[in-house]
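Sharing a structure below in structure tokens format, with a few things to ask.
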Amino acid sequence: MTDLANDQSFVKFDRVQKSYDGEVLVVKDLNLSLPKGEFLTMLGPSGSGKTTCLMMLAGFETATHGEILLDGSPINNIPPHKRGIGMVFQNYALFPHMTVGENLSFPLEVRGMDKSVREEKIKRALDMVQMGDFINRRPAQLSGGQQQRIALSRALVFEPELVLMDEPLGALDKQLREQLQFEITRLAHDLGITTVYVTHDQTEALTMSDRVAVFEDGRIQQLAPPDKLYEEPENSFVAQFIGENNTLEGVVTAIKDNNLCEIKLDDGEIIDANAVNVSKVGERSRVSIRPERVEMNKDRLQPGAHTLKAEVMEFIYMGDMFRTRLRVAGKDDFVVKTRNAPDQQRLEPGTQIDIGWLPEDCRALDA
Amino acid sequence: MSETSASDEILTTADGKPLKEALAKAQFFAKRRAFILVLPLLAFILLTFVMPIGQMLHRSVKNEGFTVHTDVTTGVRTPIMTELSIWFDQNPSGTVPDEAAYTALRNDIGALDELRSAGSAGTRINYLRAGSRSLFTKAARKWDKMEAPYQDAFYDLDDEWADATLWAAMRQASSSYTFDFYLAAMDYTRDGDGSVTKVNENRQVYIKLFVRTLFLSLLITFMTFILAYPIAHLLATLPLRHSNILMILVLLPFWTSLLVRTTSWMVLLQSQGVVNDAMVGVGILADESRLQMMYNQTGTVIAMTHILLPFMVLPLYSVMRPINPSYVRAARSLGATSWTAFRRIYFPQTVPGIGAGALLVFILAVGYYITPALVGGADGQLISNLIAFHMQKSLNWSLAAALASLLLGGILLLYWLYDRLVGIDNLKLG
Ligand SMILES: Nc1ncnc2c1ncn2[C@@H]1O[C@H](COP(=O)(O)OP(=O)(O)O)[C@@H](O)[C@H]1O
Ligand SMILES: [Mg+2]
């Protein structure tokens, strides 16, 4: 995590808590700090408090406890319209009774800009999202993707330094979503805007962000760049939530050097694992292995590596990949992904095989 | 357009039939079924709405009180005042009645007496000239004792038989169809020589009442709007569990009888009522300066505002409920103060509801009868109370119909204006 005392931080949540009803904390002790120009994504299941955080930052909710700092000064007492934060909503929130041009003109008018300046800025903002020809349309005459483009350019037209987006692509189909993901990241980087992006889609989070904050139950479970998040999840929630993951449960039997440990699985088998979240012998642990890191070819394993017996339950052909479902250590939801290469064998259900992995790829996490 | 020959070609189906024909055929059964389904309602509306309104319009220009006698039991129609109407045809309006005219009058009154309808014929003249009915009933008692010259005989009976306005009234009434009721409904009358003039200042009631009705209805509409807007907003934004309770409170007036509500306002607002008693008790008011809030315009406005409030709340609520809070949030984040966000983003989106509510409340208020009748006193009466008076008391149905037709016309005019200015498709009732 970045240093909270870092004065470079542009946005900072300092021990923020939030409760709507005085009974349940929706946000529990949130500490988060992001430097200027960063693209940070809040990722988490529905109800984990992401929107609440965004609303506190935008000024539509007040923090029950703690402080939010923008560019070094607390914003708790600044009304929303003076914060100068651009926002993009999932439902676009384009004003239905105004044309596209009027929508974009609105933030400039309330800032008292002259007509000529406004027109210039509107044109630039629309060209930025390739929507220059749609200036006289009404929102209802646009498709979802076009509406979100307009909403994006409206949030950027008054040149805010911070932009918040709450699941902006949630209502769009896959292809449009991917296209807009790319455009949003490009714009954010080109313009040097600090962005806080909320999503529950982990692919989106991984592909777009500089850093991802994984939320669960009002807490940040892990805050890290995408690659680190995927390859080095710090706890079993993150491991489970990001990407596909195989979990085996057992008890720690030995702590070794090099941050390794030995785990006895519930059916008696013994494996080596990277001790991430376990500290002493006898502790229960969930062990996480990514499906693409499982090795079914014995020759490729390190000498002395533990192997496990497995039975093929199902083989799924996915084009570029093969997905093989196995029964391992008494559980039959163990998935292995292999590349569709000429030498890769296609396993028949019922085949008995040995599988293994590098101890570094196998992470012993909290139970 | 003329060059595009392709669009002029008739599209056909696979077997060569014109597409339009095939489509009409395919849809025929569906259309017929739809028609049969709406038929009962159509018949009902025709019978209970279109026909009565047609009747009313007809009655406002037709009155046979001085032209035809209809026997109530047998339904036999006998023309009356036939000789006099011939004399009117032969002599232009303004002619001083001669002996021939009085002879015709005497014979016609004789015929009236035999039909026992002198009273009703006199009433018809009474509409146009007050105090005329008794002339006819008196003459009907004496006609067989009259001797020529009849002019003098009538003068002996009553001087008023020489009055030019009486003859002008009879001339008007001698044709069944007339626009005179519309003139009367707008405070105009006809002189002895047939020209249209305003009635006496102290008898001008209708225009004053139309204006008052218009003014009070606008005031009530405005009051309901002012009161309903915040309530509707609250209803639309509160969590469902709270808003349901509030909604029940708003709808409560719908579930209690109109009469009960009106009388409870009387209990509250009259000079010895709860509100006045409370204010005197607390010492805000002196006992002798109790507020007059009942049996005047104030009473009408208060009670009708309350009664019509739900009709404003519901359309407003129905447009406010689906307005996503993110619109206002977006406006705020874009730099608008909460007032600007309300004025430029929220309010314009509620205009269709305001239009619907205002039109509904206004039209209901313009035709309201029972509440002003009970709490309006003398100066809180509306035009509908006068219509009711002419239907029930003075029995001048034609005048009642003319007043009602004017009211209907006024409302249609407003509706047309609304359509021109706001657009009727912008109306949203729910
Ligand atoms: N206005 C509100 N009043 C009461 N509870 C709320 C309100 N908004 C959100 N919540 C609750 O706070 C929790 C977090 O919600 P939210 O921040 O919207 O989560 P997310 O955006 O991650 O799905 C949820 O349990 C939700 O029910
Ligand atoms: Mg959310």
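Each value in this text was obtained by applying a stated rule to the coordinates, not by laboratory testing. This structure is a prediction, so every number in the text was calculated from the model and none was measured. No Cβ is skipped: glycine too gets one built from the backbone with ideal geometry, and neighbour counts run over all protein chains shown.
Just need log10 I(q)/I(0) for the protein assembly as shown at q = 0.04, 0.05, 0.11 Å⁻¹, Debye formula, equal scatterers on the alpha-carbon atoms, no solvent, rounded to two decimals.
Log10 of I(q)/I(0), two decimals: -0.39, -0.55, -1.24.
Which listed residue (A:Phe39, A:Ile316, B:Gly409) has the Cα farthest towards the positive end of the charge dipole for the protein assembly as shown, taking +1 on Lys and Arg C-beta and -1 on Asp and Glu C-beta about the Cα centre?
Of A:Phe39, A:Ile316, B:Gly409, it is B:Gly409.
Now, a different point. 222 nm [θ] for chain B, helices only, -39500 (n - 2.57) per DSSP H run of 4+, per residue, to 500?
Values: 21 runs with 280 residues, N = 430.
Taken over chain B, the calculation gives -21000 deg cm²/dmol.
Sort B:56-65, B:266-275 for me by packing, meaning the mean count of neighbouring Cβ atoms within 10 Å per residue, highest on top. Write out the running numbers ahead of the final one.
Details: B:56-65: 18.3, B:266-275: 15.6.
Highest-to-lowest ranking by the protection proxy: B:56-65, B:266-275.
Multiplying the sequence separation of B:Ile245 and B:Leu258 by 0.36 nm and subtracting their Cα-Cα distance, what value in nm do you get? Before the final figure, lay out the partial values.
On the way: separation 13, 0.36 × 13 = 4.68 nm, distance 2.18 nm.
My answer for the length gained is 2.5 nm.
Then there is this: Just in segment A:258-307: which trypsin sites (Lys or Arg not before Pro) are loop by DSSP and have at most 12 other Cβ atoms within 10 Å? Each step should come with its number before you reach the end.
Numbers: sites: A:Lys264, A:Lys280, A:Arg284, A:Arg286, A:Arg293, A:Lys298, A:Arg300; in loops: A:Lys280.
Here the sparse-neighbourhood loop sites are A:Lys280.
Mind ranking B:115-123, A:223-231, A:92-100 by how tightly packed they are, going by the mean number of other C-beta atoms within 10 angstrom, highest first?
On the way: B:115-123: 19.2, A:223-231: 17.2, A:92-100: 21.0.
So the peptides B:115-123, A:223-231, A:92-100, ranked by packing, come out A:92-100, B:115-123, A:223-231.
I would also like to ask the following. How tilted is helix B:99-115 with respect to the longest principal axis of chain B? Cα atoms for both, answer in degrees (0 to 90, nearest 10).
Roughly 70 degrees, rounded to the nearest 10.
Also, quick follow-up: Measuring from label point to label point, each 7 Å out along Cα→Cβ, what is the A:Lys256 to A:Glu119 span in nm?
7.5
Let me ask something else. Can you tell me which aspartates and glutamates have their Cα less than 19 Å from the Cα of A:Lys18? Leave out same-chain residues fewer than eight positions away.
Within the straight-line limit of under 19 Å, A:Lys18 reaches these aspartates and glutamates: A:Asp29, A:Glu61, A:Glu67, A:Asp166, A:Glu216, A:Asp217.
How large is ³J(HN,Hα), in whole Hz, for each residue of segment B:278-291 in order, when computed from phi with the Karplus curve 6.51 cos²θ - 1.76 cosθ + 1.60 and θ = phi - 60°, using x for Gly and Pro?
Once θ is set to phi - 60°, the couplings for segment B:278-291 become 4, 5, 5, x, 6, x, 6, 10, 7, 4, 7, 10, 4, 6 Hz.
Please list, by residue number, everything in segment A:253-276 whose backbone N is under 12 Å from a paramagnetic label point 7 Å out along Cα→Cβ of A:Gln302.
A:257-261, A:272-275
Something else about it: Roughly how compact is segment B:17-61, stated as its Cα Rg over 2.2 N^0.38 Å to two decimals? Write out the running numbers ahead of the final one.
On the way: Rg = 17.6 Å, N = 45, 2.2 N^0.38 = 9.3 Å.
Normalised Cα radius of gyration, segment B:17-61: 1.88.
Please work out the Cα center distance from segment A:342-367 to segment A:131-179, rounded to the nearest Å.
Distance between centres, Cα-based: 44 Å.
Once you order the gyration tensor axes a ≥ b ≥ c over the Cα atoms, which shape class does segment B:206-426 get: rounded for a/c under 1.5, otherwise prolate or oblate by comparing a/b with b/c? Each step should come with its number before you reach the end.
Values: a/c = 2.32, a/b = 1.34, b/c = 1.74.
Cα axes put segment B:206-426 in the oblate bin.
A follow-up question, please. Report the per residue volume, in Å³, of the convex hull enclosing the C-alpha atoms of segment B:365-430.
Details: hull volume 7.5 nm³, N = 66.
With only Cα atoms used, segment B:365-430 gives 114 Å³ per residue.
Once you place label points 7 Å from the Cα toward the Cβ at B:Trp339 and A:Leu358, how far apart are they in nm?
Each label point lies 7 Å from its Cα, and together they span 6.6 nm.
Follow-up question, since we're still on this one. Rounding to the nearest 20 debye, state how big the charge dipole of the protein assembly as shown is about its Cα centre with +1 on each Lys and Arg Cβ and -1 on each Asp and Glu Cβ. Intermediate results must be reported in sequence, preceding the final value.
Numbers: 77 positive and 90 negative charges, 252 e Å.
I would put it at about 1220 debye.
Suppose every K and R has +1 on its Cβ and every D and E has -1 on its Cβ; what is the size of the dipole of segment A:244-366 about the Cα centre, in Debye to the nearest 20? Don't jump to the answer; show the numbers that get you there.
Numbers: 18 positive and 23 negative charges, 22 e Å.
Magnitude of the dipole: close to 100 debye.
Kirkwood hydrodynamic radius for chain A: how many Å is it when counted over pairs of different Cα atoms?
Numbers: mean 1/r = 0.0432 Å⁻¹.
One decimal place: 23.2 Å for the Kirkwood radius.
On a 27 Å Cα-Cα criterion, which of the cross-link pairs A:Lys50/A:Lys228; A:Lys256/A:Lys337; A:Lys50/A:Lys121 come out too long? All intermediate terms of the calculation are to be shown ahead of the outcome.
On the way: A:Lys50/A:Lys228 21 Å; A:Lys256/A:Lys337 29 Å; A:Lys50/A:Lys121 32 Å.
Pairs exceeding the cut-off: A:Lys256/A:Lys337; A:Lys50/A:Lys121.
Let me ask another. Run down the lysines and flag those whose C-alpha is under 21 Å from the C-alpha of B:Lys393, throwing out any fewer than 8 positions away in its chain.
B:Lys62, B:Lys208
How well do other chains shield peptide A:83-96, expressed as the mean number of their Cβ atoms within 10 Å of each residue Cβ? Please list the in-between numbers first.
Details: counts 3, 3, 4, 4, 6, 2, 7, 2, 4, 4, 11, 2, 9, 5.
Mean partner-chain Cβ count within 10 Å for A:83-96: 5.
Can you work out the FRET efficiency for the pair B:Thr82 and B:Ser195, with r the C-beta to C-beta distance and R0 = 25 Å, to the nearest 0.05? Mind showing how you got there, number by number?
Working: r = 27 Å, r/R0 = 1.08.
Here the calculated transfer efficiency is 0.40.
Tell me, how many Å apart are the Cα centres for segment B:346-367 and for segment A:52-124?
32
What's the magnitude of the charge dipole for segment B:68-201 around its Cα centre, counting Lys and Arg as +1 and Asp and Glu as -1 at the beta-carbon? Answer in Debye, nearest 20.
Charge dipole of segment B:68-201: 500 debye, to the nearest 20.
Distance between Cα centroids, segment B:238-280 to segment B:20-79: provide it in whole Å.
41
Additional query: Can you give the FRET efficiency for B:Leu37 and B:Trp397, using 1/(1 + (r/R0)^6), R0 = 30 Å, r = Cβ-Cβ distance, to the nearest 0.05? Intermediate values should be presented prior to the final figure.
Details: r = 37 Å, r/R0 = 1.23.
Taking R0 as 30 Å, the efficiency between B:Leu37 and B:Trp397 is 0.20.
Identify, among B:Thr213, B:Phe28, B:Asn63, the residue whose Cα sits farthest towards the positive end of the charge dipole of chain B, taking +1 on the Cβ of Lys and Arg and -1 on the Cβ of Asp and Glu, with the dipole about the Cα centre.
Comparing the listed Cα positions along the dipole, B:Phe28 ranks first.
Related question: Shape verdict for segment B:68-201, please, from the Cα gyration tensor: rounded (a/c under 1.5), prolate (a/b greater than b/c) or oblate. Please list the in-between numbers first.
On the way: a/c = 1.65, a/b = 1.20, b/c = 1.37.
Oblate, since a/c reaches 1.5 and b/c is not below a/b.
Here's another thing I want to ask about it. Indicate the gyration tensor shape class of chain B (rounded, prolate or oblate), computed on the Cα atoms with a ≥ b ≥ c the square roots of the eigenvalues: a/c under 1.5 is rounded; otherwise a/b larger than b/c is prolate and the rest oblate.
Details: a/c = 2.81, a/b = 1.46, b/c = 1.92.
Note, shape of chain B comes out oblate.
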